[in-house]
Amino acid sequence: MALKTIQAPIPGTFYRAANPGDPPFKAENDAVAVGDTVGLIEVMKTFTPVLAEEAGTLRAFHVENEDAVMAGQPLYDLEF
Amino acid sequence: MAIRRIFVANRGEIALRIVRAARELGIATVQAVSAADREMLPARLADAVAPIGPAHAGKSYLNKEAVLRAALESGCDAVHPGYGFLSENADFAGLVEEAGLTFIGPTPETIRQMGDKATARSVAAQAGVPTVPGSEGRIEGLDEARAAAAAIGFPVMIKAAAGGGGRGIRVARGPDELAALVPQAAAEAKAAFGDGGLYLERFVGRARHVEVQVLGDGRDAIHLFERECSLQRRRQKVWEEAPAACLSPETREALCTSAVRLAKAVGYRGAGTLEYLYDAGTGAFFFIEMNTRIQVEHPVTEMITGIDLVREMIRIAGGEPLRLSQGDVRPRGHAIEVRINAEDPSRGFQPAPGTITALSLPGGPGVRVDTMLYPGYAVPPFYDSLLAKLVVHDETREAALARLGRALGELAVEGLPTTAALHRALLADPAVRAGDVHTRWLEAWLDAHPLTP
């Protein structure tokens, strides 16, 4: 089993759910398939989904919901 | 109770605008900053800065308690909310006043009254201001919606009572669409504004957007003529002019005096804007809503009237009566503002934060640039994409268009894409030059004229 840290593709505000109060797209230890939505990044009031490019098990998030992220900043750990 | 120290509860170019107006009045400023905004130009130019929270606006610029606490702790006696964020939040205005500070804007009651779009419509109708044929106040449930739509006539717009800024608007062309869209609109309004209330209005297809600037001191009110903002993308204005060249002198007079009637009817205090739809085919105008704050496009009015709206609103908040009578407001020439946003018009207006590597701003006669940019500034990704407002003024609209072209030619922003390319293309378009546009013109034009990198 290998662990890989996935980085934020763009800068902005990271959201783990589509709307406040909704369940998160992914919880820790959830399975992730290629193309799954892991979160959203809001850039200047525009929301872009963060799509998984690799499959595996999501082990940990490095940022909290509504945290600021910079491009390249560690976002989550994927085990595969 | 003259104001001595203003807390600037906003960011970007409007924060800078407020800092500048205050300084000219001999008033100190404390600039609110989120963790992402410590290096912005208004923070550098204000007398002091006050941290209000993390980058996320919900936890900083929209956090009423944090903003008020910072205003009190920094020894301010007034709060200027700018536009957006808490500027039209009646609860915030109330908290500021309860804490013994001055809110630079209307009373919480006026904000509440005008903020509920259904109430605003009925207040306008009572003041003799024409409104778009629509439901009388809120509609509750689909049966009421059906009855109201039948009386108004299709197509109808479904709007959120608590909405604004063009959000949450749907168009139903017939009863079936109405049945499908009303529950959706109610759910979306509930999620977005915490209030699922709706109202209906007739949909005017080829409308122009005109709006009247008013100034009141709580007792008396005047207008500062109108602006036209028909060039919009996704209901966001991109280009604004004053005056509205499409109006006859008679229509202008009727429009502007109707706005003053409404401002007087509510005892309006401060700077405000009444937005109208204008049907150029029939010459009819209809009130849509009132914005109880300074607006992004206020500089075009300042350019044609020579009146500094932000200074006037500060003076009024400090207890001074209106210094101008209606006869003192004499418009001269024509002004145009274009919004320079951090968006890539050749890639679907994708937002593009980044660092400004080089900057050349236009100057010379009749040119004004309101911007928070400086070379080396890192535009944060967390907020609105507005970077700069390029405003020109000249004797006629034709001369102002030529001056805009000259100024756009001098403008160079490097390090990120901007909407300057859109404005250069619009300026070359015959319909824009002739002023022959309406509120849905730009989106159709963009489909037909995609911008290339």
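The values are calculated or read from the model by the stated rules, or taken from the named source; none is laboratory data. Remember, it's a predicted structure, so these values are computed and weren't measured experimentally. Here the Cβ is made from the backbone with ideal geometry for all residues, glycine too, and neighbour counts use every protein chain on show. Ligands, DNA and RNA are stripped out before the accessible areas are found, and what is left, the full protein with its side chains, is counted by its heavy atoms. Shrake-Rupley method; radii C 1.70, N 1.55, O 1.52, S 1.80 Å.
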Take the alpha carbon atoms of the range B:317-335, find their center, do the same for the range B:367-402, and report the distance between the two centers in whole angstrom.
24
Have a look at the range A:36-64 and report residues whose accessible surface goes down by 30 Å² or more when the remaining protein chains are included, against the chain on its own, probe 1.4 Å, ligands and DNA/RNA excluded.
A:VAL43, A:MET44, A:LYS45
The answer for B:GLY270, listing residues at least 5 apart or on another chain whose modeled amide H is closer than 5 Å to its amide H, is B:GLY216, B:ASP217, B:GLY218
Between the range A:21-80 and the range B:235-277, the alpha-carbon center distance in angstrom:
46
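Before we go on, tell me the buried accessible area for the A/B pair, both chains summed, 1.4 Å probe, in Å² to the nearest 100. Mind showing how you got there, number by number?
Details: alone 4760 and 17600 Å², together 21320 Å².
Buried: approximately 1000 Å² between B and A.
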Expressed as a whole percentage, what fraction of the accessible surface of the range B:133-202 belongs to carbon and sulfur atoms when a 1.4 Å probe is rolled over the protein heavy atoms?
53
Count the net charge of all other residues whose Cβ sits under 13 Å from the Cβ of B:ILE288, scoring Lys and Arg as +1 and Asp and Glu as -1.
+1
Given the whole protein assembly as supplied and a 1.4 Å probe, what does the accessible area of B:HIS56 come to in Å², nearest 10?
30
Principal axis dimensions, largest first and in whole angstrom, of the range B:5-104 by Cα:
29, 29, 23
Translational diffusion coefficient (Stokes-Einstein; Kirkwood radius from C-alpha pairs) of chain A at 4 °C, 1.567 mPa s, in µm²/s
104
Which of rounded, prolate, oblate describes the range B:181-244, given a ≥ b ≥ c as roots of the alpha-carbon gyration tensor eigenvalues and a/c under 1.5 marking rounded, otherwise prolate only if a/b is larger than b/c?
oblate
Residues of the range B:174-202 with backbone N under 18 Å of the label point set 7 Å from the Cα of B:ASP91 along Cα→Cβ are B:189-197
To make sure I understand the rule: partners must be aspartates and glutamates, Cα under 18 Å from the Cα of A:LYS26, and not fewer than 8 residues away in the same chain. Which ones qualify?
A:ASP36, A:GLU42, A:GLU53, A:GLU54, A:GLU64, A:GLU66, A:ASP67, A:ASP77, A:GLU79
Skip the ligands, DNA and RNA, and give the accessible area per residue of the range B:310-437 with a 1.4 Å probe, whole Å².
38
Between B:LYS190 and A:LEU51, Cβ-based FRET efficiency (R0 25 Å, step 0.05) works out to 0.30
Just to verify a number: what accessible area does B:TRP441 come out at with the full protein assembly present, 1.4 Å probe, Å² rounded to tens?
40
Say R0 is 41 Å: what FRET efficiency, to the nearest 0.05, do B:ALA254 and B:LEU142 get from their beta-carbon distance?
0.65
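Could you work out what % of the accessible surface of chain A is carbon and sulfur, using a 1.4 angstrom probe and leaving DNA, RNA and ligands out of the count? Kindly include the intermediate steps, with their values, before the conclusion.
On the way: 2230 of 4230 Å².
Taking all protein chains in place, chain A shows 53 percent carbon and sulfur surface.
Find out how many positive minus negative residues lie around B:LEU359, taking Lys and Arg as positive, Asp and Glu as negative, among other residues whose Cβ is under 12 Å from that of B:LEU359.
Working: positive: none; negative: B:GLU410, B:GLU414.
Spelling it out: positives minus negatives among the neighbours equals -2.
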Binning at 10 Å from 0, report for the range B:224-284 what percent of all alpha-carbon pair distances ends up in each bin.
19, 49, 30, 2
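Could you please put B:TYR278, B:TYR374 in sequence from largest to smallest accessible area, using a 1.4 Å probe? Could you put the intermediate results ahead of the total?
Numbers: B:TYR278 15, B:TYR374 35 Å².
These residues rank, largest area first, as B:TYR374, B:TYR278.
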Leaving out same-chain residues fewer than 8 places away, which lysines sit with a Cα under 22 Å from that of B:LYS59?
A:LYS45, B:LYS190
How large a share of the accessible area of the range B:207-448, in percent, is made up of carbon and sulfur atoms when the probe is 1.4 Å and the other protein chains stay in place?
48
Give the average, rounded to an integer, of partner chain Cβ atoms located within 10 angstrom of each Cβ in B:383-391.
1
Applying the gyration tensor rule to the Cα atoms of the range B:207-448 (axes a ≥ b ≥ c; rounded if a/c under 1.5, else prolate if a/b exceeds b/c, else oblate), the class is prolate
So what's the projected area for chain B, the Cα convex hull averaged over all directions, in nm²?
20.2
Using label points projected 7 Å from each Cα along Cα→Cβ, tell me how many nm separate A:ALA17 and B:THR119, to one decimal.
3.0
In terms of the ratio Rg/(2.2 N^0.38 Å) built on C-alpha atoms, what value belongs to the range B:133-202?
0.95
Summing Lys, Arg as +1 and Asp, Glu as -1, what charge do residues with Cβ under 14 Å from the Cβ of A:LYS4 carry, A:LYS4 excluded?
-3
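With the cut-off at 1.5 for a/c, could you classify the protein assembly as shown from its C-alpha gyration tensor as rounded, prolate or oblate?
On the way: a/c = 1.39, a/b = 1.24, b/c = 1.12.
It is rounded, given that a/c, with a ≥ b ≥ c, falls under 1.5.
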When DSSP assigns beta bridges and you keep just the ones with both residues in the range B:5-104, what percent turn out antiparallel, to the nearest 5?
0
Residues with amide H under 5 Å from that of B:ALA284, placed H, sequence gap 5 or more
B:ASP279
